[in-house]
Amino acid sequence: VPAPLVVVTRSPEETRRLGAALGRALEPLGRTGTTVALLGDLGAGKTVLVTGLARGLGVPEEVAVASPTFTVARGYRGRVPVRHLDAYLLRSLAELEAAGFDEVGGGGGVTVVEWGDRIAEALPADRLEVTLVLDPDAAPPSPEGPPRRVTIEARGPRSAEALARLRASLSAAAAT
Ligand SMILES: Nc1ncnc2c1ncn2[C@@H]1O[C@H](COP(=O)(O)OP(=O)(O)OP(=O)(O)O)[C@@H](O)[C@H]1O
Ligand SMILES: [Mg+2]
């Protein structure tokens, strides 16, 4: 398993760009199905990152991406299907099953789960985990608020492949 990738973002736009690069890195796995768990406190930037991820997978700008707070899941049509779950308000796995998910991430597409740690037992073992934390120590301070430290970790061989693609695309972008 490769080392985690750590990226500091200094604005919502930078977080969206990182999400878009992550989406593109996941696209080949999206044909058979892949899952990303998003962790981090309220307001850390999980939904902002998912917005970028959806755009990176070809979901048009006109399609709003928002936390599926009152519906367990939202779906967006991109080059591969994107499913967006938020486990914040889920009180139990039974509630998830009642909504038709025995196993999150089964079937094709890219499934992203905000607060994924709350339903970890229902997620595939081989997944990416993206953790966002406010990083008040990252200098220089930004007018948008504290920068976010985003840590991306692979939990298995398929997600490691996507992480390697992401790492390569970010270093290529940095070199230009
Ligand atoms: N570097 C940054 N990256 C992402 N968001 C940022 C950044 N700097 C400031 N923000 C702001 O922080 C907020 C993040 O909100 P967002 O809804 O994405 O959080 P969340 O983690 O999904 O929260 P929740 O747990 O409530 O769903 C937005 O208002 C965004 O504009
Ligand atoms: Mg959110």
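The values are calculated or read from the model by the stated rules, or taken from the named source; none is laboratory data. All of these numbers come straight from a predicted model, not from anything done at the bench. For neighbour counting, all protein chains shown are included, and Cβ atoms are generated from backbone atoms with ideal geometry for every residue, glycine included. The accessibility values were calculated without ligands, DNA or RNA, using every heavy atom of the protein model including side chains. Shrake-Rupley method; radii C 1.70, N 1.55, O 1.52, S 1.80 Å.
Accessible area per residue for the chain, computed on protein heavy atoms with a 1.4 Å probe, is 48 Å².
Taken as entire DSSP H runs, the helices of the chain that both span 18 Å or more between Cα atoms along their own long axis and average 0.0 or more on the Kyte-Doolittle scale are 157-175.
Peptides 139-146, 28-35 ordered by packing proxy, namely the average of other Cβ atoms within 10 Å per residue, highest first: 28-35, 139-146. The mean sequence distance of close C-alpha pairs (under 8 Å, at least 6 residues apart), as a share of the length of the chain, puts its relative contact order at 32 percent.
Considering only protein heavy atoms and a 1.4 Å probe, what is the carbon-and-sulfur percentage of the accessible area of the range 37-176? Before the final figure, lay out each step's value.
Details: 3850 of 6920 Å².
Ligands and nucleic acids excluded, carbon and sulfur reach 56 percent.
Local charge sum around residue 8 (other residues, Cβ-Cβ under 13 Å, Lys/Arg +1, Asp/Glu -1)?
On the way: positive: 10, 17, 148, 149; negative: 14, 135, 137, 144.
Net local charge, residue 8 excluded: 0.
Semi-axes of the equivalent ellipsoid for the range 16-154, computed as √(5λ) from the eigenvalues of its C-alpha gyration tensor and ordered from largest down, come to 24, 18, 14 Å.
Both radii are taken from the alpha-carbon atoms of the range 137-176; with Rh as the Kirkwood radius, Rg/Rh is 1.13.
Using helices alone, I'd like the mean residue ellipticity at 222 nm for the chain: each DSSP H run of four-plus residues gives -39500 (n - 2.57), total over residue count, nearest 500. Mind showing how you got there, number by number?
On the way: 4 runs with 55 residues, N = 176.
About -10000 deg cm²/dmol.
Would you mind computing Rg(Cα) / (2.2 N^0.38 Å) for the range 1-73, counting N as its residues?
Normalised Cα radius of gyration, the range 1-73: 1.13.
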